[in-house]
Structures are given as structure tokens and as C-alpha cells.
Amino acid sequence: MPMTTTSSKPTLVVIVGPTGSGKTAVSIELARRLGAPIISTDSRQFYQGLAIGTAQPTTEELAAATHYFIADRPITEPLSAGEYEREALLLLDKLFKEHPFVIAVGGSGLYVDALCYGFDELPTANDELRATLAARLASEGLKSLVEELHNLDPEYWEVVDRANPARVMRALEVCLASGKPYSAQRSGKRSERPFRMVRIGVDMPRDVLYDRINRRVDMMMEAGLEAEARAVWPHKHLNALQTVGYKELFDYFEGNCTLTEAVELIKRNSRRYAKRQLTWFRRHEQTHWLSPTEIDKALEIIL
């Protein structure tokens, strides 16, 4: 029998945290205890063909709870944060008719915020500006654009995935088109939601987290990450593949590094990504930070 809450509103349990922290296991155990379905807020787990590199839930984990936004579209059909907000809210409206609790779990801060608070209407860059930035990316490289973003918006530079050309270019587009920092335009009035939200942050001591990340990369390689990356290599230009785990292997395939070097880069870049995720999520003071073993305490907070 699913648990209930004294609140008159249904509850969205939002589970966040850095990569490798055990969010998936926490979400499944809470789903089991609450009788709740799970929706993913991981912007890479949406896509088919990326099961290993994006650490999608295993077959057993998927069977333990009903999941949504997991491998439900091809990598050729990108889902923006704004589109995700609309799709996820429509889904929640249906799910809350049958469930007092729904769990949202993932580490993509932009998508978490879109679901919880609404996605800001940002200015659209004109085609000329976009073409100019694309040409600069090709001629000067990503480093030049990252440095300009640091000058124009150091706050967003601190949290953005600086190895992701699409994210860097989009932020620059907004800065240059509007004359204002991207971060200043992403902190507008929050949209009201017809449900209650409880945020649970999953974290652990930094040395433990980094060790888990390193070991997880080794496990991904043993599970076949190299073959998975080779299968999607022809699509390397797509935004869905501008992510840690694939970019480094693409460089290996193209002869820019050895396989050993690529694996070490995946580990290093994953640790750096985890640090940026924590910076992003710690902005929200209402998040309750727990270790991945504190399920009972999480349940007390939720109820």
C-alpha cells in the first residue's frame, strides 16, 4: 500500500547529487517504500544507445520501479530543457492522479531547475551570431570561447560543463545578444507548481566520491563502453554526445590519445563534473543533504 502525506498536494521528491554518488539506488529504494514511479532528470539518460556511458538504470533496477525519460528517444531527437519542462509537467499531471508521490532523480542541474522552477525565456540569438560563434569554434577552438564566457559571465562559467561546446556557445549567444550575463537571466521569478517538492541531496566525503567515480569508470569499460562509443561515433557532432565518457573515447578513436589516456581523462573529467554539479545544487538552501545509506532519514523528511 503506497504511503500518504498529510499535505493536500501531491509530492515530487527531487533527488540530486554528483555523478557516482548513488542517486539511482536511493531513488529505487524510496520508490519501493513510497509506491512511487520515477522520472529521470538526467539529460543524457533520455537517449537510446547510451546505456553504459550515462549509467542508465539496469534491467533489474528498471523492473523495481516504473521509470520515465529513460532511453525513450533516439540521439537524433534532442530534448531541450524547455521541451523537457513541458513534457515532464504533462506527465506529472497524469501520474499524480494515481500516485501521491513521484520521484525525480538525476544530475543535470538545468533540467532539474526547469522541472522544479520553470525555464526562463531567454533571448534567441540571430543566425549571424550563431554562425560567427560556430566559425570561431572551428578556427580558434573551444578554449577561446570558454575564456570569453569567463569574462562575460564568471558566475555561469563556474558551473557550466566547460567541455560542452553546445552549453558554452548557448551561454555566449545569450550574453552577446542581450548584453547581460546569462546567469543574471536565469534567476527570474520561479513558476508556481501545483505540487509540493522535497529536495534530497546525495553526497559523501570527497575522497570517497572520487574513488567511487574512478571505480565506476573502470566498471563501465569492463561493461563495454568502448564498443558503445564506437557505435555512436558517427554521430559525434550531436549535442547528446558532447559529454564525458564519449568525447574522450572519440579522441582515442581518432588517434589523438591512447586508450589508457582516454580512460584516465574520463575519470578526471568525471571528477571535475561532479565538483561542478555540487556547486550548482548547493545553491538551493532547501536541499536536505544525506549519505546514500540514510534512506530512513530521507523518508522522515519526505513524510
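Bear in mind that the values in this text are calculations on the coordinates, not laboratory data. Quantities reported herein were computed from a predicted structural model and do not represent experimental measurements. Don't worry about glycine lacking a Cβ; one is built from the backbone with ideal geometry, like all the others, and counts go over all protein chains shown.
Computed extension gain for S144 through R276, at 0.36 nm per residue and net of the alpha carbon distance, reaches 45.5 nm. Can you grab the distance from the C-alpha centre of the stretch 60-93 to the C-alpha centre of the stretch 251-273, Å, no decimals? Between the Cα centres of the stretch 60-93 and the stretch 251-273 lies a distance of 29 Å. The 3J(HN,Hα) values that the Karplus relation (6.51, -1.76, 1.60; θ = phi - 60°) gives for the stretch 28-45 are, in residue order, 5, 5, 5, 4, 5, 6, 9, x, 10, x, 10, 10, 8, 10, 9, 5, 9, 6 Hz. Gly and Pro appear as x. Checking the Cα-Cα distances for K236/K275; K9/K275; K247/K297; K180/K236 against a 27 Å cut-off, the pairs over it are K9/K275; K247/K297; K180/K236. Taking amide hydrogens as placed 1.01 Å from N in the peptide plane, the amide H of R73 sits under 5 Å from those of Q48, each at least 5 positions away in sequence or on another chain. For the stretch 10-124, the orientation-averaged shadow of the C-alpha convex hull comes to 7.3 nm² (one quarter of the hull surface).
For the stretch 264-271, backbone phi angles converted through the Karplus equation (6.51, -1.76, 1.60; θ = phi - 60°) give residue-by-residue couplings of 5, 5, 4, 5, 4, 5, 5, 5 Hz, Gly and Pro being listed as x. Between W289 and G201, the built amide H atoms are under 5 Å apart, and every one of these is 5 or more places off in sequence or on another chain.
What the Cβ-Cβ distance of V208 and I301 gives, at R0 = 30 Å and to the nearest 0.05, is a FRET efficiency of 0.85.
Sort 16-28, 265-277, 228-240 by packing, meaning the average of other beta carbons within 10 Å per residue, with the highest value first.
The packing order, highest mean first, is 16-28, 265-277, 228-240.
Extension gain, N256 to T59: 0.36 nm times the residue separation minus the Cα-Cα distance gives 67.4 nm.
Annotation: amide H-H contacts under 5 Å for I39 (H modelled 1.01 Å from N, sequence separation of 5 or more, or interchain): Y68, I103, A104, V105. Hull volume per residue, based on the alpha-carbon atoms of the stretch 127-185 and their convex hull, is 68 Å³.
Semi-axis lengths, largest first, of the ellipsoid equivalent to the chain are 31, 24, 18 Å, with √(5λ) applied to each eigenvalue of the Cα gyration tensor.
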